[in-house]
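Report on one structure; see the data block that follows.
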Amino acid sequence: MTDDREIRQTLASALVEAAKSDDRIVVLDADLMSCHATKCFKEAFPDRFFNVGIAEQNLIGMAAGMATMGKIPFAYSFAPFATRRCYDQIFISVAYSGLNVKIIGSEPGVAAEANGGTHMPFEDMALMRAVPKMICFEPTDATMMQKALPQIIDHDGAVYVRMFRKKAAKIYDESLDFKLGKANMLADGDDVTLVASGIMVERALQAAEALHADGFSARVLNMHTWKPVDVDALRAAAERTGAIVTCENHNIYGGLGSAVAEVIVREHPVPMRLVGIKDEFGQVGKNAYLSEVYGITAKDVYEAAKDVISVK
């Protein structure tokens, strides 16, 4: 089922509400106000909204400067431009300096669709995971984004949010017990663990249903925080199911699969398969088409699970 709320609108509206009682919150946008639904923040707090234009290095530099003055800046751009275009500014001006800046990178992976390869980030989380002390988070739906925002604001340090802009599959309701850095288990099972994030969570659940029809049971973990990754949840899953499949809308090099493998090889080695982009550039196309091309459909998750179960 598709959510009735866009993630971008949910975040922007939640920032407006939070800013009413916290005058430290400011928003900076790289000339993408309509894309990010930040107009509502500009209208509510015109003196706390800054459109820096298509100048992402300045975006991060200004955000860092505001953070030195006690502000909590939320700096928005498309994910490739919020990360790789201004990586040195993020690394030195924000992270190395220990500043409290929140970076919002939108349209992750195949979600960039018609914007094509130049705008299609398969590497953003790999880059941000390599920045010391950086929190790396990918919300699954609007409810999770809303639940996460207070914790993102309260965290004293840099956070990268990999945000699907529009209406995602609705996975959660208001009963969601959310904590940054702690995975949510959506299904339990004994034969394999599917570790997923973002748009891949729905596909992992669909694969789990197909596996159930074949007589197998799959544990499904929503690993929304890629850094710090939930070591306890992964260790428990490896011990219980003895096989793991990671599912990501991102390059498998340096992404979620890498983050999970780094834990599993140390804590409890088990067979693994990685479903994700395999060292490719992006291209123009719809989400469904690109997912087929790059092998990140629910069927791909199902087949990887069957394969890893067979070699346990």
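Please treat every number below as a calculation from the coordinates, not as lab data. The shown structure was predicted, so the numbers you read here are calculated from the model rather than taken from an experiment. Note that we place each Cβ from the backbone using ideal geometry, even for glycine, and neighbour counts take in every protein chain shown.
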Quiz item: Loop-only check: which chymotrypsin sites (Phe, Trp or Tyr not before Pro) in the stretch 259-301 are DSSP coil with at most 14 other Cβ within 10 angstrom?
Solution: 281
Practice problem: Under 12 Å from the Cβ of residue 100, count the other residues' Cβ atoms, weight Lys and Arg +1, Asp and Glu -1, and hand me the total. | Solution: +2
Quiz prompt | Separation between Cα centres of the stretch 291-312 and the stretch 207-224, rounded to whole Å | solution = 11
Practice problem: Please compute the net charge surrounding residue 110, taking Lys and Arg as +1 and Asp and Glu as -1 over other residues with Cβ under 14 Å from its Cβ. | Solution: -4
Exercise. Nearest 5 is fine: what % of DSSP beta bridges in the stretch 184-310 come out antiparallel, could you say?
Key: 20
Practice problem: Rounded to the nearest Å, what's the spacing between the alpha carbon centres of the stretch 129-153 and the stretch 66-113? Just the number, please. | Solution: 13
Self-check item: Unit charges on C-beta of K, R, D, E only; dipole of the chain, Debye
Solution: 460
Practice problem: Using +1 at the Cβ of each Lys and Arg and -1 at the Cβ of each Asp and Glu in the stretch 2-169, identify which of 116, 72, 149 lies farthest towards the dipole's positive end. | Solution: 72
Exercise. With a length cut of 30 Å (Cα positions projected on each helix's long axis) and a Kyte-Doolittle mean of at least -0.5, go through the chain and give me the DSSP H helices that pass.
Key: none
Quiz item: Rounded, prolate or oblate: which fits the stretch 184-310 when a ≥ b ≥ c are the square roots of the eigenvalues of the alpha-carbon gyration tensor, with rounded for a/c under 1.5 and prolate only if a/b beats b/c?
Solution: oblate
Practice problem: With unit charges on the beta carbon (Lys/Arg positive, Asp/Glu negative), name the residue among 263, 287, 207 whose Cα is farthest towards the positive pole of the charge dipole of the stretch 184-310. | Solution: 287
Quiz item: Hey, what did the chain get for relative contact order, percent, Cα under 8 Å, at least 6 apart?
Solution: 17
Practice problem: Among the lysines, select those whose C-alpha is under 25 Å from the C-alpha of residue 299, and discard any that sit fewer than 8 residues away in the same chain. | Solution: 166, 167, 170, 278, 286, 312
Quiz item: What does the charge add up to near residue 53, with Lys and Arg as +1, Asp and Glu as -1, over the other residues with Cβ less than 10 Å from its Cβ?
Solution: -3
Quiz prompt | Electrostatic dipole magnitude of the stretch 2-169 [Cβ: Lys, Arg +1; Asp, Glu -1; Cα centre; debye, to 20] | solution = 100
Quiz item: Which three semi-axes in whole Å describe the equivalent ellipsoid of the chain, each the square root of 5 times a Cα gyration tensor eigenvalue, listed largest first?
Solution: 33, 19, 18
Practice problem: Fewest Cβ neighbours within 10 Å first, please rank 74, 164, 50 accordingly. | Solution: 50, 164, 74
Quiz item: Over the chain, what is the percentage of antiparallel beta bridges among all DSSP beta bridges, to the nearest 5?
Solution: 15
